[in-house]
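Participant: Structure provided below as structure tokens; questions to follow.
A short reminder: the numbers here are calculations on the coordinates, not readings from a lab. A quick note: this is a predicted structure, and the numbers were derived from the prediction, not measured. Backbone-built Cβ (ideal geometry, glycine too); neighbour counts: all protein chains shown.
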Amino acid sequence: MAIPTDTLPKQEVKLSNEEVLRYSRHLIMPEVGLEGQLKLKRARVLLIGTGGLGAPLGLYLAAAGVGHLGLVDFDVVDFSNLQRQVTFATGDVGKHKTEAAKARLSGLNPTIEIETFETRLTSENALELFRDFDIIVDGTDNFPTRFLVNDACLLLGKPNVYGSIFRFEGQATVFGYPGGGRAVLPLLVSGAASTRLGAIVR
């Protein structure tokens, strides 16, 4: 599903000579071109979580030239993260993930702006955090937060880019089509897990 770009801010932006060189492979693609690259530069994307899903997402969004990235995470880098959370290096262990991720992404692409929010996403702060961003990317790993992200996006009319992984399986989609309602996320569990977590049906 294509993400509508006609709702993005229309402030005047241009590419510097350095950016033209940096994004040259995008610019020669008919599907992107100059217009598409300028849309990327105008975009404001909020990434919820910088871990297993958020780490590669942040790298690719930064490399692609998304002009303003927001990073939301309350955790610190642990040794056990390093095998899959590719934003982080051994020297980042013990640092706040937002701090380490900002340093890594700024090094990858110093032409973009990166805003960090060292906080847990809650029902008290979600609307305020989301308000100034065009697109919300959900890189979280638990169902209550995913429902919270979806509800806040629905209330604010923001596209919700959703991805999840489990072992060797993954899925991705975009919620936020016109007239859409709350996303239905069935939780299929069995045995003791079903007693503890129940089934989410809405």
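Participant: Once the principal axes of the Cα atoms of region 36-111 are found, what is the range along each, listed largest first in whole angstroms?
Facilitator: Principal-axis extents of the Cα atoms in region 36-111, largest first: 38, 20, 17 Å.
Participant: Right, next: Given a Förster distance of 41 angstrom, what is the FRET efficiency for L21 paired with R84, based on the Cβ-Cβ distance and rounded to 0.05?
Facilitator: Efficiency at R0 = 41 Å is approximately 0.80.
Participant: May I pose another question? Just to be sure I understand: of the beta bridges DSSP finds with both ends in region 43-197, what percent are antiparallel, rounded to 5?
Facilitator: So the antiparallel bridges in region 43-197 amount to around 30 percent.
Participant: What ³J(HN,Hα) values, in whole Hz, does the Karplus curve 6.51 cos²θ - 1.76 cosθ + 1.60 give for region 162-167 when θ = phi - 60°, with x put for Gly and Pro?
Facilitator: 10, x, 8, 9, 8, 6
Participant: List the residues, sorted by chain then number, that are 5 or more residues from T116 or on another chain and whose placed amide H is less than 5 Å from its amide H.
Facilitator: L71
Participant: Here is a follow-up. Taking Cα atoms of region 43-197, Rg/Rh with Kirkwood Rh, to two decimals?
Facilitator: Reported Rg/Rh, Kirkwood definition of Rh: 0.97.
Participant: So for the pair F166, N125, with labels modelled 7 Å out along Cα→Cβ, what separation do we get in nm?
Facilitator: 2.9
Participant: Could you compute the FRET efficiency for F74 and L38, with r as their C-beta to C-beta distance and R0 at 25 Å, rounded to 0.05?
Facilitator: FRET efficiency, F74 to L38: 0.15.
Participant: Separate question: On full extension of the chain, what length is gained from F147 through M29, given 0.36 nm per residue of separation minus the C-alpha to C-alpha distance?
Facilitator: 38.8 nm
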